1. Kindly express, to the nearest 10 degrees and within the range 0 to 90, the angle between helix A:146-160's C-alpha long axis and the longest C-alpha principal axis of chain A.
2. What number, rounded to the nearest 500 deg cm²/dmol, is the helix-based mean residue ellipticity at 222 nm of chain B, given -39500 (n - 2.57) per DSSP H run of at least four residues and division by all its residues?
3. Relative contact order, percent, of chain B when contacts are C-alpha pairs under 8 Å separated by at least 6 residues?
4. What average number of partner chain Cβ atoms lie no more than 10 Å from the Cβ of the residues making up A:140-150?
5. Relative contact order of the range A:114-226: what whole-number percent is it, with Cα pairs under 8 angstrom and at least 6 residues apart?
6. Please give, to one decimal in nm, the separation of the simple spin-label points placed at residue B:186 and residue B:43, each 7 Å out from Cα toward the Cβ.
7. Using a cut-off of under 19 Å, list every residue of the range A:21-52 whose amide N is near the label point 7 Å from the Cα of residue A:1 along the Cα-to-beta-carbon line.
8. In peptide B:283-295, how many Cβ atoms from other protein chains are near each Cβ within 10 Å, on average?
């Protein structure tokens with residue numbers, strides 16, 4: 001089943017082209033990894049798919065679960081089953097994590113949550129991610145360490161059960177133990193969804209096995225391969241792809 | 001000096017720049033109306049006495065005016081053993097006035113809730129914290145949306161005493177508030193947190209004066225105002241540190257969240273520091289809703305309306321985060337959430 005299809009996508013920010021013709025198809029159960037230098041356009045791609053208003057699609061199209069995304073607002077994409085794990089999730093002081101999660105899950109599932117059932121589900125997910133209950137009364141990402149932010153992103157993903165998970169450098173800021181725990185969460189979601197993982201490092205891909213690895217340079221995918229491509233990129237860098 | 005002998009303050013005065021006296025007066029400025037007494041209900045362990053205010057010591061026009069409108073006064077004596085005192089003020093009729101004087105010692109929590117539909121409400125609250133007291137105080141203005149409010153508060157904090165002051169201002173259509181606190185003896189402290197929410201054309205003018213009169217005194221003031229519609233919030237802080245008040249710490253921060261093009265917010269912290277050896281800081285910032293916060297919530301499936309409401313709620317709730325008295329911070333947060341949810345349902 002085709003979850004995401006990107007056709008010859010061109011994207012600009014303030015009239016500066018960032019993405020210059022990308023095509024990718026992600027099917028259910030597939031994990032795609034995108035690797036590339038800083039500024040290659042990796043995060044832009046994830047943000048465009050999620051509908052960030054700062055980016056303008058100048059040509060090409062994105063089809064999600066068989067429907068063009070053009071007319072979908074950001075929240076409608078989320079409600080349709082799309083999830084972006086932010087590279088730098090913003091803090092929202094005054095909004096408690098527990099309250100936020102409940103509202104988010106109720107919105108995406110379009111139903112009033114039964115308190116007891118939701119608490120049970122939440123507890124199980126937090127246990128899986130080795131998160132302390134005190135997280136729930138803290139304010140969203142306020143004063144969180146890098147690792148705590150990424151755990152919260154992963155917790156949201158587990159609860160929202162997306163059909164497409166876009167993971168923008170989810171491994172950054174994580175120590176080895178946290179990486180292992182977060183990877184477990186990603187693997188669980190990846191079984192029943194399409195997954196696009198943006199990373200700089202092989203260490204994540206040791207734990208989250210990609211089906212395809214795409215090398216991105218200057219807004220274009222210049223090579224696609226299997227997991228071996230990630231190893232080669234980590235070993236040799238990106239210069240050889242430009243030669 | 002009586003009210004009618006006093007000069008009407010001009011707009012060039014710091015205190016009256018944004019809300020001229022004639023706009024907060026109940027009728028015409030050359031009239032002292034006869035006002036009913038505000039209805040007061042109270043619960044909790046305290047002595048409640050009715051009295052007459054005989055002497056007016058102030059030369060401030062608001063205080064003199066309120067005194068002349070109605071000289072009935074309620075004295076509340078709290079011999080604190082950690083008790084909670086609830087005071088419900090109900091403003092009904094045309095013009096009403098209330099005077100309450102809190103005499104506090106020990107530890108206690110006071111929650112005042114102002115509601116009602118009076119056209120004009122005048123309120124003067126005074127308080128004295130005796131030595132070695134710790135008082136949590138919350139004030140909630142939930143007047144009807146067609147009411148006008150003139151409120152003055154005067155607090156004196158004595159040696160080794162602490163006042164934690166939280167306020168939620170969500171009622172009335174035109175509000176002028178003037179709160180003055182004197183840290184009169186060493187090791188006295190004030191933590192003041194004020195949240196203002198403006199919708200439609202609500203006008204809320206808060207003036208807060210804090211005076212450090214002696215050494216080793218601490219104060220912090222935070223005011224967060226979220227303004228939607230054509231509402232206007234004003235926060236003026238006047239911090240005074242006397243010549244001998246060395247080793248004092250003081251901070252004032254004003255944050256404004258602008259929710260519409262037509263909303264306005266003014267924040268003016270002012271410092272007058274006469275001592276050299278103090279720590280004093282102030283800051284003010286006004287901004288619309290953070291686009292990244294909004295995008296984040298939208299990306300989690302919340303509609304634009306839900307997202308904005310949650311950001312506003314968080315912004316205002318965060319006002320009370322620094323208060324250690326959990327009873328007042330929980331009460332204020334709960335009332336705020338109920339108010340916002342009712343607003344969304346409307």
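Nothing in this text is a laboratory measurement; each read-out follows from the coordinates by a stated rule. The structure presented is a predicted model; accordingly, all values stated were derived computationally and were not measured. All Cβ positions, glycine included, derive from the backbone under ideal geometry; neighbour counts span all protein chains shown.
1. It works out to around 80 degrees.
2. Working: 5 runs with 55 residues, N = 346.
So the helix-based figure for chain B works out to -5000 deg cm²/dmol.
3. Details: 953 pairs, mean separation 35.6, N = 346.
Relative contact order, chain B: 10 percent.
4. 1
5. Details: 107 pairs, mean separation 25.1, N = 113.
That works out to 22 percent.
6. 4.3 nm
7. A:25-32
8. Details: counts 0, 0, 0, 0, 0, 0, 0, 3, 4, 8, 8, 4, 11.
For peptide B:283-295, the averaged partner shielding equals 3.
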